[in-house]
Structure formats: structure tokens, C-alpha cells
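A quick write-up on the structure given underneath.
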Amino acid sequence: MKSFASDNYAGVLPGVMQALQNANIAHARSYGSDEITKRTIELFKQVFDADVDVYFVFNGTGANLLSISAATQSYNAVLCADISHIYNDESSAPESVTGCRFFPLKANENGKLETNVIEDRLIRKGDVHYPQTKLLSITQSTEYGTVYKADEIQAISVLCKRNDLYLHMDGSRFFNAVAALGCGLKDISTNAGIDILSLGGTKAGMMFGEAVVVFNKKLSEHIAYKQKQIIQLASKTRFIAAQFEAMMQQELWRKTAGHSNKMATLLHAALSKYPQIKITKPVEANAVFAEMPRTWYEALQQHFPFYIWKESTMEVRLMCAFDTTEQDIAAFDKAIAALV
């Protein structure tokens, strides 16, 4: 079965599967002391062009919780977009683990946070009766599949530094964003002034695992202990690290992310032919948002499952993955044509 429901539905890249097999040959030291993990961390330093610290975790929620807890105390507040994953799709885990108050900020029509909206929420500093804002989280690419450009991130970073805030990036689809911009990994991270990054691997074609990349050394002081505390320290870390090594070598991530982005562009073109369908968001990464007739939903689900994003307007989200093909899009197009 293929679907447009989520890039999480896809399997594992052959190169990543081979890396897992290669890591499975002999015994190795545990908890990140193995040679594969050490080698992969050095590779991260090269591609991000910075002396980053890297912590490998099991999943995206774990990566976000580790990033946020490393930068906050339980009396702090976290600012994030009202459509963000940490606010809407990680249950109460962020609040429960970090103890922080999460304040949602209104994202613009393209899913991005703007500096004036952020600045309006920087209130009551030093007021003991109010949770003290310490971290801002942005998502790249956004929940709408749009992409923050480097200058937009830099402007947010300047605002954060001026107000003594850490800037976190939820990069579950970070590779898609970089591929869409045609830049390097460092251009919208190291050079843009973020402090800590949750780097997604699973949606990019790994079997499991994400990485927390620390740019601001202040955040490394307690993070290793936090990783153990929130049950995100893998004894066989090498199996996560090996997958990232395969992704980073020869920029495999760019090839696969670029492909899924291209498929979204083709899907957008196919849907745009139909007057009954309204594309609602710019197609920049690997997502297409569209409103379509409610009566089509069940019939199309039989061909390629996908999710309703907004029930009231029948806005749906269609995601492309590394294994989405032009034939898949043609088949979906044919199913729509039959309904028309």
C-alpha cells in the first residue's frame, strides 16, 4: 500500500537498511562509546561546520523534549506556533516532562511565526507571578509544508538573543527544507543562529531515530543527564548513529528529500487541474494542502489514504515520501478524474 497520509508511512531507505546490517556484524561499546557513533558525530561537525554536540534519541517527541528541557527550568515558558507539533500532537508530554507553560502564538497564513507576533508575547519579565519565557520553538519545514528562509530565521534569532531566549528548531522535516532552499545544512542552522535542533531521521527514510544537535554550548551542561532522565539514551546507540551516517554521506538526504519535494510539486500540478479542488498553502517542501469535495474523501481513501487537516472546510493534507513515484500521482489523478 502507498499513501499520502504521512512520510512516516514509508519504509526504510535501502542505504539505511544496509548501514543497519553493517552495524550488526560484531559487538560494540554501548551508550554512544562505539566507533560508529563517534565517527558520525565528527561527520555532523563537518556538515554543520561547527563544533556541535550531538545526542541520538529514539523518536521526534523525545528529541523535542530533550531540546526543550536542556534549555529551560520548570518555572519557564515556551513560545511556539499555535499549529506546532509540540503544542498539538505530542499530547501533554512537553508540559509533563519539562514542567514549562507552553504559549501558542498565532502563525501567519503560511504557518510561520513573525517577529512582531513573538515580540508582543515577551511580557512580564522578572514577574515572579508569571512563567518566565526562556525558549522559542519554530518548525522547519512548517506544519503547512512551507519553509523559513535563512534571513527569516536570522531575524528571529536576533530577537531571541536580544531578549535572552534560546531558539529551538523542530526539524522533523529539516532535510526537506534544506533541499527546497537549495542550500547547505549549516545555512539555516549554524549560520542562522539557532541554539538547538531536533533533526528528524524517521520521516526522511530511517527506520527509527532522531538527533538533537546542540550549537550553543551552554545547553550541553546538563543535556546528557536529561537524556538519561527522559528515557532517550539508547544502549545500542550505534544503530541510530549508523543510519544518520548513511544519510549524511554523499548527501543521501538531499537526494531523497529533493525527490519527495519534487513529487509534491507534481501532485500540486495534478490537483490544480480540477476546479473542485482549491490549493490552500504554498507547496514548498513535501506537503500539499487542499480543499476538496467532502463526498470524495471515502472513495479516494480506497486508493491512497490521507488525512483531513481541517474538518470544517474539508482541507486535507497530502504528504509525499522518498518512495512516492510519478505513477502513484498518476493513479491518484486517475481516481479523482473518475469522481469528476
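The values are calculated or read from the model by the stated rules, or taken from the named source; none is laboratory data. This one's a predicted model, so the numbers in the text were calculated from it and none came from an experiment. Virtual Cβ from ideal backbone geometry, glycine too; neighbours counted across all protein chains shown.
Tabulated data for the structure shown
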| quantity | calculated |
| --- | --- |
| Cβ-Cβ under 8 Å pairs, at least 6 apart or on other chains, segment 1-24 side exposed (fewer than 13 other Cβ atoms within 10 Å of the Cβ) and at pLDDT 95 or above, far side not small (Gly, Ala, Ser) and not in a loop (DSSP other than H, G, I, E, B) | ASN24/PHE239 |
| Any chance ALA177 is aliphatic (A, V, I, L, M) and in a helix (DSSP H, G or I) | yes |
| Matching residues, segment 36-51, being in contact (Cβ under 8 Å) with a residue 12 or more places away in the chain and closer than 19 Å to ALA234 by Cβ | ILE36, THR37, ARG39, THR40, ILE41, LEU43, PHE44 |
| Which listed residue, of VAL117, VAL57, VAL78, is more than 16 Å from ASP164 (Cβ to Cβ), in contact with a Lys or Arg (Cβ under 9 Å, 6 or more places away or on another chain) and among the hydrophobic types (A, V, I, L, M, F, W, C) | VAL117 |
| Scan of segment 66-83 for residues that are farther than 22 Å from THR142 by Cα and surrounded by fewer than 24 Cβ atoms within 10 Å (Cβ to Cβ), ordered by number | THR72, GLN73, SER74, TYR75, ASN76 |
| Flag if LYS161 is over 30 Å from THR280 (Cα atoms), in a loop (DSSP other than H, G, I, E, B) and over 16 Å from the mean Cα position of the chain (by Cα) | no |
| Residue, farthest from the chain's Cα centre (by Cα), within segment 309-328, restricted to residues that are closer than 16 Å to TYR9 by Cα and not polar (S, T, N, Q) | ASP328 |
| Hits in segment 5-40 - residues which are part of a helix (DSSP H, G or I), over 28 Å from LYS228 (Cβ atoms) and not charged (D, E, K, R) | TYR9, PRO14, GLY15, MET17, GLN18, GLN21 |
| Top-ranked residue of segment 98-111 - restricted to ones that are of a type outside the set (Ser, Thr, Tyr) and surrounded by 22 or more Cβ atoms within 10 Å (Cβ to Cβ), ranked as farthest from TYR75 (Cα to Cα) | GLY111 |
| Failed condition for ASN110, given (1) in a loop (DSSP other than H, G, I, E, B); (2) more than 19 Å from the chain's Cα centre (by Cα); (3) of a type in the set (S, T, N, Q) | (2) |
| Filter result (of a type in the set (Phe, Trp, Tyr) and either farther than 23 Å from LEU197 by Cβ or in contact with a Lys or Arg (Cβ under 7 Å, 6 or more places away or on another chain) (or both)) within segment 8-53 | TYR9, PHE48 |
| The one condition in (1) under 15 Å from the mean Cα position of the chain (by Cα); (2) surrounded by fewer than 22 Cβ atoms within 10 Å (Cβ to Cβ) that ILE196 fails to fulfil | (2) |
